[in-house]
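The values are calculated or read from the model by the stated rules, or taken from the named source; none is laboratory data. Computed from a predicted model, the values in this text were never measured in an experiment. When we count neighbours, we look across all protein chains shown, and the Cβ atoms used for this are built from the backbone with ideal geometry, even at glycine.
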Amino acid sequence: MLNRYSVSKNLFILAAVVFGCYYAMPNLYAPDPALQIGGVSGSQSISEIMLTQAEEALEASGIDFFGQEVQDGGKTALLRLTDRDTQLKAQSIVSRALGDDFIVALNLAPTTPEWLLKGRAQPMKLGLDLSGGVHFKLEVDTVAATDKRMEMYESGIKRGLREQRIRGMVAVDGRRIALRFRDEQSREAARQVVFDTYPELILDRVDEQDSWQLYAQVTEATIAELVDYAVSQNLTTIRNRVNELGVSEPLVQRQGSNRIVVELPGIQDTAEAKRILGKVANLEFRLVAQTNAPVTERQRYQYRSDDRASMTEWLERDIIISGERVSGANAGFDQNGQPNVSISLDSEGGMLMSRATRDNIKRRMGVLFIERKYRTRYALDEQGKEVAVRVPYDEKKLLTAPVIQSALGAQFQITGLDSPGESSELALMLRAGALAAPITFVEERTVGPSLGAENIALGVKSVQIGLSLVVLFMMVYYRVFGVAAVVALSVNLVLLMAFMSLLGATLTLPGIAGIVLTVGMAVDANVLIFARIREELANRMAPQMAIHAGFERAVATILDANITTLIVAVILYAVGTGPIKGFAVTLSLGILTSMFTAILGTRALINLIYGGRRVDTLSIGTLPKRIDGGNA
C-alpha cells in the first residue's frame, strides 16, 4: 500500500528522536556561578583549612554560597554561589583572604544530572559572547626582554674572550656592553672577537689614562627588532599553551606594539588557564661556581623544593643555555621512581650544552627555574576607594644541581622535582615553548553575568520570533501538512542541539544566527514538497499518489539546494576564524538535520496521518488552478 514506512524505518526515526532528546536535554540545566580556587604552582594542593578560610571570608561579607568541594585530588576547590551578580565581589574577598599563593577565578559550574553524564551527555559549549569564557589582555615586558638580550651579549662576549685567552673586564652598562683592557693590543683583539660574534653591535673605542675601553652599543633598530621578536614569540607560545589546554575556538591575537589579547570560550577551569598562560616557566642552566670565584662573577640562589628551602648555591653568572633552546619535554619517572622531565634541545642548544659540559666533568650544574609572580598591594584610588594593585616580580629558584658525570648532548633529564604534578606542569610549559619575555595580566574579564546573559536572551528571542512566524505561516497556509512540518521542525532543532552538544561545538552569537537561518531552510524543504503535492492534486492525481509523487520528485531539488549551501558552509569553516567557524558549524549541522527531518521525518508523520487507507481529500490548503493545454 502507498505511503507506509516499514517498521524498521519507523523505529529508526523514533530512535533518532529519542537520541536527540537525550543529548539535547543537558542544555536545559543552567550552570551555577562559582569560584575556582587553585594554587599558583601545579604542585600546590587546596586543604580543607584553606577552603574553610575562604568560606569564612564569604560568610563575613554576607555572600551566599553552597556546594563547596575539593576537586582533582586536592589541586582545586569549587565554591558555588547563589547569585551571579556577587561573583566579582566574592572573587575579590576570597583572593584577599587566601593571599598571593592562590588563584581565585570566576567559573560556571555544571548542573547536569548524573544519569545524563553517564551517557556522556554534556551541554553545548557557549562562546565568549554568550556566557562561558574569559578575556585576558597581556602586556609583554619589553624592558625585561631587552635586559635579557644584554645578558646574552655579556655572556657570549665573555665566552669568546675566554676562548681567545683575552683578559679584560666585561659588564652591562644600560644598552651597551662595556669592556675594559690593560693594553691596546688586547682591546683590538677583543674588538675583532665581538665584531665576528655580534656584527649588529656598534663598536666604539675610548681611551683613558691607564685603560683602553671598548663599548658595544645596541642600535635602536636592533631593539625594535628584539621587541617585535619577543611579542611574536610570546604570541606563538601562548597559542601553543592554549592548544595544550584543549580550548575550542580560542582567539589569540596581537594588539598594538606589546600587547596580546586572549579569549578562551568554553573552558571549565579558568584558574588553570590563567596559571598556564601567565607562567614564564623558563629555565637557565649554569655551572655551580667554584669556591675561589670572585663574588662579582657568581650569584646566590635558594632551592625551590620545600625540603631544601633553607639551602642555597652559588651559580656562575654566565648562562650555558636557557629554555628557548628546548625543543621537547616529557614528564616521567627515573629508575628510582622519582619524577623527572626528559629534555630535548635544538641543534644549537645541544652544541652549547656539549661544549660547556665536556670541559667540566665532575663539576655540578644548576638548573634555575624562573617564574613571574605577583605581590598584591592595596592602595587608595582618586576617589578614596581601596583597590588591589598587583606588582610583578621574577622569582628565580634552583630546581637541582647534579654532578656532571659525562658530556651532555641534545637529550638529558632533569631530576630532583617535588611531585609528578610539578614535573607534568614543567614539561607542559617547556613543550609549549618558553616565553621570550615575561608577561603581565593588565586586564581580566569574564563575560557572562551581564553581557553574555543579554546576548543569550536576545538570541533566544530571535529564534522564538522566527520560529513563531514560520509556525503561524505553515499552519495557516498548509493546514494539517503544516502541523506535520512544524513538528518536524521542532525535532530538527532538538537534533541540531544534540549534535552540537555531542561534538563539543561552541555556540556563539553568529551560531544563533545560523540556527535562525536553519529554521528557514528546514521549512523551505517542506514548502517545496507541499507545493509539489498541491500541483499533483490540481492535476487530478489521487491523494495517495500525489503524496508519493510530491516527496519523490522534490527530493532532487532539495538535495541540490542544500548541497550548494553546505559547500559554502565548508568553505567558511576552512577560511574563517573564531565566530565565523561557529556559524559555519551550526549551518552545516542544521543543513544535515533539516534534510533528515524534512524528507524522512515529515514523510513519517504524513504517513501516520494519511498512509495505508483510502483518502479522498488532503488538508493542505488552497490548490492552484489547473492548467490544461495552456488554457486556464
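Checking each residue in segment 570-586 for being modelled with pLDDT under 90 and in a helix (DSSP H, G or I) picks out L572, Y573, A574, V575, P579, I580, K581, G582, F583, A584, V585, T586. If you go through segment 7-62 and keep only what is surrounded by fewer than 20 Cβ atoms within 10 Å (Cβ to Cβ) and among the aromatic types (F, W, Y), you end up with F12, F19, Y22, Y29.
The condition of being within 28 Å of the chain's Cα centre (by Cα), surrounded by 15 or more Cβ atoms within 10 Å (Cβ to Cβ) and modelled with pLDDT of 80 or more holds for only one of A401, A331, A410, A356, that being A331.
Of all the listed residues (D346, D381), the sole one being of a type in the set (D, E), outside the structural domain of R96 (by TED's automatic domain parsing) and free of Cβ contacts under 8 Å to residues at least 40 places away in the same chain is D381. With (1) under 27 Å from P420 (Cβ atoms); (2) part of a helix (DSSP H, G or I); (3) of a type in the set (D, E, K, R) as the list, and E69 as the residue in question, which single condition is left unmet? For E69, the failing item is (2). The single condition among (1) in contact with a Ser or Thr (Cβ under 6 Å, 6 or more places away or on another chain); (2) modelled with pLDDT of 75 or more that L287 does not satisfy is (1). Against the condition buried (at least 20 other Cβ atoms within 10 Å of the Cβ) and outside any helix (DSSP H, G or I), how does L161 come out, does it pass? So L161 does not fit the description; no.
When each of R614, R553 is tested for being in contact with a Lys or Arg (Cβ under 8 Å, 6 or more places away or on another chain), farther than 30 Å from V262 by Cβ, at pLDDT below 90 and not acidic (D, E), the lone residue that passes is R553.
Here N234 fulfils each of the conditions (1) closer than 12 Å to K137 by Cβ; (2) modelled with pLDDT under 85 apart from (1). The number of residues in segment 52-100 being polar (S, T, N, Q), within 30 Å of E395 (Cα to Cα) and under 26 Å from the mean Cα position of the chain (by Cα) comes to 5. Among the residues making up segment 529-548, those that are without any contact (Cβ under 8 Å) to a residue 60 or more places away in the chain and surrounded by 18 or more Cβ atoms within 10 Å (Cβ to Cβ) are R532, E536. Among the strands (runs of 3 or more DSSP E) confined to segment 352-427, the ones with at least 3 residues that are farther than 28 Å from D101 by Cβ are located at 411-414.
Taking every residue in segment 173-189 that is under 16 Å from Q217 (Cα atoms) and not assigned by TED's automatic domain parsing to the domain that holds R205 and pairing it with any residue that is surrounded by fewer than 18 Cβ atoms within 10 Å (Cβ to Cβ) and of a type in the set (S, T, N, Q), at least 6 positions away or on another chain, yields no pair with a Cβ-Cβ distance below 6 Å. Can you find a residue that is buried (at least 18 other Cβ atoms within 10 Å of the Cβ) and either modelled with pLDDT of 85 or more or closer than 19 Å to N340 by Cα (or both) anywhere in segment 375-396? No; the residues of segment 375-396 include none that is buried (at least 18 other Cβ atoms within 10 Å of the Cβ) and either modelled with pLDDT of 85 or more or closer than 19 Å to N340 by Cα (or both). Considering only residues in segment 107-128 that are more than 30 Å from V261 (Cα to Cα) and small (G, A, S), the one that is surrounded by the most Cβ atoms within 10 Å (Cβ to Cβ) turns out to be A121. Can you find a residue that is in contact (Cβ under 8 Å) with a residue 60 or more places away in the chain, within 27 Å of P420 (Cα to Cα) and out of contact with any Leu (no Cβ under 7 Å at 6 or more places or on another chain) anywhere in segment 74-84? Within segment 74-84 (the criterion being in contact (Cβ under 8 Å) with a residue 60 or more places away in the chain, within 27 Å of P420 (Cα to Cα) and out of contact with any Leu (no Cβ under 7 Å at 6 or more places or on another chain)), the answer is yes, since at least one residue qualifies. Just one of the listed residues (A549, A574) is among the hydrophobic types (A, V, I, L, M, F, W, C) and more than 25 Å from L502 (Cβ to Cβ), and it is A549.
Taking segment 511-528 as the range and being crowded, with 20+ Cβ neighbours inside 10 Å and either of a type in the set (D, E, K, R) or over 13 Å from L489 (Cβ atoms) (or both) as the test, the residues that pass are G511, I512, G514. Residues of segment 81-97 that are within 19 Å of G39 (Cα to Cα), in contact with a helix residue (DSSP H, G or I) (Cβ under 7 Å, 6 or more places away or on another chain) and buried (at least 20 other Cβ atoms within 10 Å of the Cβ): A90, V94. Has segment 589-606 got any residue that is charged (D, E, K, R), within 30 Å of P543 (Cα to Cα), buried (at least 20 other Cβ atoms within 10 Å of the Cβ) and assigned by TED's automatic domain parsing to the domain that holds A513? So far as segment 589-606 goes, yes, one or more of its residues are charged (D, E, K, R), within 30 Å of P543 (Cα to Cα), buried (at least 20 other Cβ atoms within 10 Å of the Cβ) and assigned by TED's automatic domain parsing to the domain that holds A513.
Being farther than 29 Å from G168 by Cα and in contact with a Phe, Trp or Tyr (Cβ under 7 Å, 6 or more places away or on another chain) narrows it down to one residue among I320, I343, I370, I414; which is it? Just one listed residue meets the conditions, I343. For segment 483-504, the tally of residues that are small (G, A, S) and buried (at least 24 other Cβ atoms within 10 Å of the Cβ) stands at 4.
Set side by side, the residues M521, M545, M541, M497 differ, and just one is assigned to a loop (DSSP other than H, G, I, E, B) and either among the aliphatic types (A, V, I, L, M) or in contact with a helix residue (DSSP H, G or I) (Cβ under 7 Å, 6 or more places away or on another chain) (or both), which is M541. The C-beta contact set for segment 286-311 (first residue among the aromatic types (F, W, Y), second residue surrounded by fewer than 14 Cβ atoms within 10 Å (Cβ to Cβ) and not in a loop (DSSP other than H, G, I, E, B), distance under 7 angstrom, 6+ apart or interchain) comprises Y301/T312. Of all the criteria given as (1) over 28 Å from V170 (Cα atoms); (2) aliphatic (A, V, I, L, M); (3) more than 36 Å from the chain's Cα centre (by Cα), the one not satisfied by L315 is (1).
Scanning segment 1-34 for residues that are of a type in the set (A, V, I, L, M, F, W, C), within 36 Å of the chain's Cα centre (by Cα) and assigned to a helix (DSSP H, G or I) returns A15, A16, V17, V18, F19, C21, A24, M25, L28. Given the conditions (1) in contact (Cβ under 8 Å) with a residue 12 or more places away in the chain; (2) more than 26 Å from V104 (Cα to Cα), report the number of the one that R372 does not fulfil. In the conditions (1) in contact (Cβ under 8 Å) with a residue 12 or more places away in the chain; (2) more than 26 Å from V104 (Cα to Cα), R372 misses (2) alone. Does any residue of segment 138-154 turn out to be in a strand (DSSP E or B) and buried (at least 20 other Cβ atoms within 10 Å of the Cβ)? So far as segment 138-154 goes, yes, one or more of its residues are in a strand (DSSP E or B) and buried (at least 20 other Cβ atoms within 10 Å of the Cβ).
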